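Read-outs throughout are calculated quantities, based only on the coordinates presented, and are distinct from any laboratory measurement. Please read all numbers here as calculations on a predicted model, not as lab measurements. Backbone-built Cβ (ideal geometry, glycine too); neighbour counts: all protein chains shown.
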Amino acid sequence: MTNNNPIGVFDSGIGGTSIWSAIHDLLPNEKTIYLADSKNAPYGQKTKEEIVALSKKNVDLLLEMNCKLIVVACNTATTNAIRELRADYDIPFVGIEPAIKPAATNSKTQVIGILATKGTLNSELFNKTAEMFHNTTIIEQVGHGLVQLIEDGNLNSPEMTQLLESYLQPMIDANIDYLVLGCSHYPYLIPQIKKILPDHIQIIDSGEAVARQTQNLLREKVGFSDAIENAPEFYVNSNPAVLNSILENKYPVIKRDF
């Protein structure tokens with residue numbers, strides 16, 4: 001089954017490019033369209049109703065661009081809105097939620113840490129997943145301020161280091177052996193996080209799992225592209241400079257209102 005329409009990807013900002021990158025690496029022949037809703041970042045501080053409305057706005061734009069499948073590359077949008085999206089739209093969705101299962105299943109200390117946004121940690125979907133692993137102690141930490149620093153281009157700032165140390169040290173003291181990154185922005189912090197965590201603590205993010213699920217849906221329901229080459233498209237509704245920087249200026253970034 002062949003389908004040359006694009007895969008749509010959206011996030012509250014630039015963070016979902018970590019998910020986009022995993023998809024692009026696994027499926028290089030697929031056309032991808034990425035929406036960075038940076039004007040409304042971070043989603044994690046908004047109400048469920050606001051997150052659902054913003055997610056539908058992004059989906060509507062991607063459907064106008066004839067997307068065949070949509071990846072919700074935002075933990076907060078997935079955990080708060082994906083049920084409504086699947087109910088209201090006749091298109092396959094791939095969501096992203098914190099990878100609690102591999103961390104809890106493989107933990108030797110039975111203590112794991114989760115760094116995520118307030119919106120994700122307060123969501124019904126997150127709490128249902130967490131309840132499945134009642135034998136594991138899950139230390140939750142809201143990453144206040146992290147997304148905004150990333151969106152402002154302050155990835156390696158002293159303020160970022162200070163925040164990360166304050167969030168991670170209590171987890172280290174509690175004897176975690178896995179740290180789950182519950183926000184698609186956070187993989188960009190892995191170099192700094194590794195400087196703070198002891199070597200035995202493993203870091204888990206969801207990028208590869210989301211890419212594999214996208215591949216499965218293309219195979220089973222949607223169809224693969226047979227194009228030889230497909231240049232990705234990136235759209236942002238605020239200053240494109242940070243997204244350009246994250247993408248290392250490899251692709252054009254188009255500013256537009258949405």
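Please work out which residue is surrounded by the most Cβ atoms within 10 Å (Cβ to Cβ), limiting yourself to region 131-190 and to residues that are within 22 Å of A41 (Cα to Cα) and among the aromatic types (F, W, Y). Spell out the reasoning first.
So in region 131-190, the residues within 22 Å of A41 (Cα to Cα) come out as 140-164, 167, 180-190.
Filter once more, keeping what is among the aromatic types (F, W, Y): 167, 186, 188.
On the way: Y167: 19, Y186: 25, Y188: 18.
Ranking the qualifying residues of region 131-190, first place goes to Y186.
Among the residues making up region 79-109, those that are outside any loop (DSSP other than H, G, I, E, B), of a type outside the set (A, V, I, L, M) and more than 15 Å from L35 (Cβ to Cβ) are T79, N80, R83, E84, R86, D88, K101, P102, T105, N106. For region 214-230, the tally of residues that are more than 22 Å from Y188 (Cα to Cα), assigned to a helix (DSSP H, G or I) and not aliphatic (A, V, I, L, M) stands at 5. A residue that is crowded, with 23+ Cβ neighbours inside 10 Å, within 11 Å of the chain's Cα centre (by Cα) and under 20 Å from Y251 (Cβ atoms) can be found somewhere in region 55-71. In this structure, I176 does satisfy being assigned to a loop (DSSP other than H, G, I, E, B) and either touching a residue at least 40 places away in the same chain (Cβ under 8 Å) or under 17 Å from the mean Cα position of the chain (by Cα) (or both).
Do we find that Y34 is touching a residue at least 12 places away in the same chain (Cβ under 8 Å), among the hydroxyl-bearing types (S, T, Y) and surrounded by fewer than 18 Cβ atoms within 10 Å (Cβ to Cβ) in this structure? Let's see the steps before the verdict.
Values: touching a residue at least 12 places away in the same chain (Cβ under 8 Å): yes; among the hydroxyl-bearing types (S, T, Y): yes; surrounded by fewer than 18 Cβ atoms within 10 Å (Cβ to Cβ): no.
Spelling it out, it is not the case that Y34 is touching a residue at least 12 places away in the same chain (Cβ under 8 Å), among the hydroxyl-bearing types (S, T, Y) and surrounded by fewer than 18 Cβ atoms within 10 Å (Cβ to Cβ).
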